[in-house]
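Below: the structure, in structure tokens.
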Amino acid sequence: MEGGKMIDWSRVQELKTEIGADDFFDVIDVFLQETDAVVARLPNLSDPQSLANDLHFLKGSALNLGFAELAEICQDGEKLMASGVEEMSAQAILDVYARSRRAFLGGIGILAA
């Protein structure tokens, strides 16, 4: 499967086992819809608290579904915001999310079997 460090495939398999194969793909759909929406608004956020909240949401969602690199970069962003930085570029997060999403969707079919 693609995305060794990017995607924690053992976490993905664990989640599939926890929630069952039937509901697994529904969870993936909800995750992708919610994270797509949050990621899309990141570049337009000017309020530091809103940015921090969205980074926290993304980190938690990413950890839950095995998007390891995305979780890490969101955590780094959260730390920056907590240290008093009021602005940050969202481009790195957008890039990591896009690569992670592609790797995930490319590898998820293997888990469907």
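Okay, here's what the table says:
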item	result
Unique match (being more than 27 Å from Gln13 (Cβ to Cβ) and at pLDDT 85 or above) among Ala98, Ala103, Ala82, Ala68	Ala82
Qualifying residue in segment 47-54 (condition: without any contact (Cβ under 8 Å) to a residue 60 or more places away in the chain and touching a Cys at 6+ places or on another chain (Cβ under 9 Å))	yes
Residues (closer than 14 Å to Met81 by Cα, surrounded by 13 or more Cβ atoms within 10 Å (Cβ to Cβ) and of a type outside the set (A, V, I, L, M)) located in segment 11-49	Pro48
Segment 80-113, residues that are of a type in the set (D, E, K, R) and under 20 Å from Lys5 (Cα atoms)	Asp95, Arg99, Arg101, Arg102
Unmet criterion (only one of (1) in contact with a helix residue (DSSP H, G or I) (Cβ under 7 Å, 6 or more places away or on another chain); (2) crowded, with 17+ Cβ neighbours inside 10 Å) for Lys5	(2)
Some residue of segment 60-73 being farther than 19 Å from Ala92 by Cα, out of contact with any helix residue (DSSP H, G or I) (no Cβ under 8 Å at 6 or more places or on another chain) and free of Cβ contacts under 8 Å to residues at least 40 places away in the same chain	no
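The values are calculated or read from the model by the stated rules, or taken from the named source; none is laboratory data. Keep in mind it's a predicted model, so treat the numbers as computed, not measured. We place every Cβ from the backbone using ideal geometry, glycine too, and count neighbours over all the protein chains shown.
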